Amino acid sequence: MCLRGLEPGEDVRKITFRARPTARAVRYELFTALDLAGEPPRHPSEFDRLLKTALAERPRTFLVDEAQWLNGEAFEYFRYLWDEPSTQLAIIFVGGEGCHTVLRREPMLSSRIFIWQHFTRLTPSEVLDVIPLFHPVWADADPDDITFADSHAAHGNFRAWAQLTAHTRTALTRTGRTRVDQELLRWAFSRLA
């Protein structure tokens, strides 16, 4: 969303791989993500030519999620496409625990990474600033209830806030209430994994 806000015309494609994908798997995922017509080519050289041609047409950004699951072969293939002079490609590797370590193990790729961004938990004051803007459920919530939710369940973790928000919405619907309160939040807490 931030990329589209900064560059409304940017072609952003999100890709998520299973653990340890091969270059072949990366080719097929890119083929699908790019919405290329026809059947995927059988031979790697033809496949590479097709992908390079598609990636040279206009600027594109791939958001590669769960990058900590990629292996050297997959990273090398992304580097291969990025290094091609004709491609107009930006790649954002996003991952959880261990992602930085995995990327650093690939020196040919990590030397090409422009920005390393580490995300940390929201501080209590950031929670009070950000969460009311995150979702309408929290827009008119009492700041004490937001602090209560953060200290008992979310702990500054944005993913936890997303889960809590989903359960809170369910609780509001089931109870017919229009505003969050601590009783309702306790019910939502009980649903968190």
Practice item. Using amide H atoms built 1.01 Å from N in the peptide plane, name the residues 5+ places from ASN157, or on other chains, whose amide H lies under 5 Å from its own. Key: LEU122
Practice item. Roll a 1.4 angstrom probe over the protein heavy atoms and tell me the percent of accessible area of the chain that is carbon or sulfur. Key: 54 percent
Practice item. Between GLU97 and SER125, take the C-beta separation as r, use R0 = 22 Å, and let me know the FRET efficiency to the nearest 0.05. Key: 0.30
**Study point:** Sparse-neighbour loop sites [GluC sites (Glu not before Pro); the range 29-123; at most 15 other C-beta within 10 Å; DSSP]
**Key:** GLU97
**Study point:** Cα principal axis extents for the range 138-177, largest first, Å
**Key:** 27, 20, 16
Practice item. Return the distance in nm (one decimal) between the two label points of a simple spin-label model at GLU46 and ASP181, each offset 7 Å from Cα along Cα→Cβ. Key: 6.7 nm
Practice item. Hand me the chymotrypsin sites (Phe, Trp or Tyr not before Pro) from the range 94-193 located in a DSSP loop with no more than 13 other Cβ atoms within 10 Å, in residue order please. Key: PHE114, TRP116, PHE119
Practice item. Per DSSP H run of n ≥ 4, the term is -39500 (n - 2.57); total these for the chain, divide by its residue number, and report the mean residue ellipticity at 222 nm rounded to 500 deg cm²/dmol. Key: -15000 deg cm²/dmol
Review point. How far is it, in nm, from the label point at SER111 to the one at GLU7 when both lie 7 Å from their Cα along the line to the Cβ?
Key: 2.5 nm
Review point. Computed FRET efficiency, Cβ-Cβ of GLN163 and THR22, R0 25 Å: what is it to the nearest 0.05?
Key: 0.15
Exercise for review: Please determine, in degrees from 0 to 90 and to the nearest 10, the orientation of helix 23-33 with respect to the longest principal axis defined by the Cα atoms of the chain, where the helix direction is its Cα long axis.
Suggested key: 60 degrees
Point to revise | Relative contact order of the chain, defined on C-alpha pairs under 8 angstrom at six or more residues apart (%) | key: 16 percent
Study note, to complete from the structure: Candidate cut points under trypsin sites (Lys or Arg not before Pro) in the range 1-95, DSSP loop plus at most 13 other Cβ atoms within 10 Å of their own Cβ, are ARG18, ARG42
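The values are calculated or read from the model by the stated rules, or taken from the named source; none is laboratory data. Predicted model, so just to flag it, every value in this text is computed and none were measured. Glycine gets a Cβ as well: all are built from the backbone with ideal geometry, and neighbour counts include every protein chain shown. Side chains are part of the model used for accessible areas, which takes the heavy atoms of the whole protein and leaves out ligands, DNA and RNA. Shrake-Rupley method; radii C 1.70, N 1.55, O 1.52, S 1.80 Å.
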